[in-house]
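Visitor: Before anything else, here's the structure in question.
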Amino acid sequence: MKKTKCVTIDASLVAEAEEAAARLNMPLSALVEEALRLLLRQPEAWRGVEERLNNIETLLRQCLQREARPAEARPSRLEPQLGGNAWVEILRRRG
């Protein structure tokens, strides 16, 4: 028996993957599994993904710093529970 996991993927990427799977005459799940295997076997490709994610996080933190108001400079009481999540902070500041 296979274990499954649900993930959220942008709809446009899913549509593109479905088209590719149809062209290759294979199920979408098999295409996704193979793509993940290939990515994980190539450390240099994974480093590129990790670097892009780090750049996004840095940009989000810079946005937070620019939007911070003096009244909000004090630490939030929820911050330790959320681990300083940049998305949560952006949403919190924008109300």
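The values are calculated or read from the model by the stated rules, or taken from the named source; none is laboratory data. Every value quoted in this text rests on a predicted model; they were computed, and no experiment measured them.
Visitor: If you take the residues of the range 1-16 that are of a type in the set (S, T, N, Q) and part of a loop (DSSP other than H, G, I, E, B), which of them is farthest from Ala30 (Cα to Cα)?
Guide: Checking each candidate, the answer is Thr8.
Visitor: Among the residues of the range 31-62, which ones are within 30 Å of Leu91 (Cα to Cα) and at pLDDT below 80?
Guide: Answer for the range 31-62, where residues must be within 30 Å of Leu91 (Cα to Cα) and at pLDDT below 80: Trp46, Arg47, Gly48, Val49, Glu50.
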